[in-house]
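The values are calculated or read from the model by the stated rules, or taken from the named source; none is laboratory data. Since the model is a prediction, treat every value here as computed from it, not as a measurement. Note that each Cβ is placed from the backbone with ideal geometry, even for glycine, and that neighbours are counted across all protein chains shown. The accessibility values were calculated without ligands, DNA or RNA, using every heavy atom of the protein model including side chains. Shrake-Rupley method; radii C 1.70, N 1.55, O 1.52, S 1.80 Å.
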Amino acid sequence: MDSRPIGMFDSGVGGLTVLKEIMTQCPNESIIYLGDTKRFPYGSKSKETIIELTKRGIEFLISKNVKAVVIACGTATSQALEEVQKCYDIPIIGIINSAVRYIKEKDYKNIGIIATRGTIRSKGWQNKINEIIPKASIFYKACPLLAPMAEEGWTENEIAKLTIKEYLEGLKNVECLILGCTHYPLFKEIIQKELGKDKEIINTGEMLSKRLTQILKNNNIENENVQNRKYDIYLTDMETNFINVASKFLKDDKMIEKIYKCDF
Ligand code: DGL
């Protein structure tokens, strides 16, 4: 039994889509969520910058005594995960591996990926899919406008519909579409409508949370006492739309009360 929290890291609200899955699948665990709103967006930054920011974020979380870290950001997973796993001696997981394993189990061969520019450029998804599913055909598209729109709360309006229509042109023949940026599940309904009901939309937080439960079990660090569970959110800049988007998405005002300013 280990009552220390799980640390989570993203550039903004996107990681909340992962947080929601972890809250469902690991209901006993405390969570410390760090949103680097001061430096958002990560998707247009260089690999060196992403590695540096990810390390600093993880060190902040470790200073809060976390027992494991979830990189709830596709951009940081694709460019910094391998690097940071070498630097710290607690389990650190990202969004790619568990999702690719799931796609292999489902035997999908025509796979679409949408993500930030940095993630697509890094080939993090493409390389992992080629390694695990060598016969797969991969179709991908960088969608740089979507994460800023999600931060703004524009996930259901006409502009969101048109933007998604434009981005998904050319991805209509895939069997599944990976939401390679954790902000994108906020557009899931529009994306599903645009692609059609027969296509599976891969929300990476679902697969990551399953993997996290295994890791906690294998390392014998599960929290068994739900009484002492708590959720804290830290932001590096409070003057953003995070609180509005988070309260609409999480539908839990108590969580929103516990948002603290920090820096790292
Ligand atoms: N949520 C992030 C991702 O999964 C970052 C988006 C951004 O900061 O550009 O890639």
Matching residues, segment 135-152, being more than 15 Å from the ligand (Cβ to nearest atom) and either in a loop (DSSP other than H, G, I, E, B) or touching a Ser or Thr at 6+ places or on another chain (Cβ under 9 Å) (or both): Lys135, Ala136
Residue within segment 54-61 that is hydroxyl-bearing (Ser, Thr, Tyr) and either open to solvent by 20 Å² or more (accessible area, probe 1.4 Å) or in contact with a Pro (Cβ under 9 Å, 6 or more places away or on another chain) (or both) present: no
Count of residues meeting criterion [within 9 Å of the ligand (Cβ to nearest atom) and outside any loop (DSSP other than H, G, I, E, B)] in segment 7-17: 2
Count - residues of segment 86-102 that are without any contact (Cβ under 8 Å) to a residue 40 or more places away in the chain and of a type in the set (Val, Ile, Thr): 3
Selected residue (only one of Glu239, Glu222 is touching a helix residue (DSSP H, G or I) at 6+ places or on another chain (Cβ under 6 Å), on the phi < 0 side of the Ramachandran plot and among the acidic types (Asp, Glu)): Glu222
Top-ranked residue in segment 114-156 [being more than 15 Å from the chain's Cα centre (by Cα) and among the hydroxyl-bearing types (Ser, Thr, Tyr); ranked as surrounded by the most Cβ atoms within 10 Å (Cβ to Cβ)]: Thr155
Answer from Glu29, Glu48 - the residue that is free of Cβ contacts under 8 Å to residues at least 12 places away in the same chain and either more than 19 Å from Val69 (Cβ to Cβ) or crowded, with 23+ Cβ neighbours inside 10 Å (or both): Glu48
Residue that is farther than 19 Å from Ile215 by Cβ, within 16 Å of the ligand (Cβ to nearest atom), touching a helix residue (DSSP H, G or I) at 6+ places or on another chain (Cβ under 9 Å) and of a type in the set (Gly, Ala, Ser), where the choices are Gly94, Gly35: Gly35
Filter result for the condition that a residue is away from the ligand (no atom under 16 Å from the Cβ) and either of a type outside the set (A, V, I, L, M) or farther than 26 Å from Asn219 by Cα (or both), over Cys73, Cys26: Cys26
Boolean, Tyr42 is modelled with pLDDT of 95 or more, more than 22 Å from Ile22 (Cβ to Cβ) and not hydrophobic (A, V, I, L, M, F, W, C): no
Matching entry among Glu29, Glu21, Glu48, Glu59 (being farther than 30 Å from Arg121 by Cα and not in a strand (DSSP E or B)): Glu29
Candidate set: segment 192-225, residues that are among the small types (Gly, Ala, Ser) and within 16 Å of the ligand (Cβ to nearest atom); chosen: the one surrounded by the fewest Cβ atoms within 10 Å (Cβ to Cβ): Ser209
Condition met for Ile202 (in contact with a helix residue (DSSP H, G or I) (Cβ under 9 Å, 6 or more places away or on another chain) and closer than 30 Å to Lys165 by Cα): yes
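Table: residues versus (1) within 14 Å of the ligand (Cβ to nearest atom); (2) in contact with a Ser or Thr (Cβ under 9 Å, 6 or more places away or on another chain).
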| position | (1), (2) |
| --- | --- |
| Ser30 | no, yes |
| Tyr42 | yes, yes |
| Tyr88 | no, no |
| Ile132 | no, no |
Among the residues listed as Ile58, Ile120, Ile32, the single one being more than 26 Å from Lys230 (Cα to Cα) and among the β-branched types (Val, Ile, Thr): Ile120
Residue in segment 177-191 that is touching a residue at least 60 places away in the same chain (Cβ under 8 Å), aromatic (Phe, Trp, Tyr), under 25 Å from Phe249 (Cβ atoms) and buried (at least 22 other Cβ atoms within 10 Å of the Cβ) present: yes
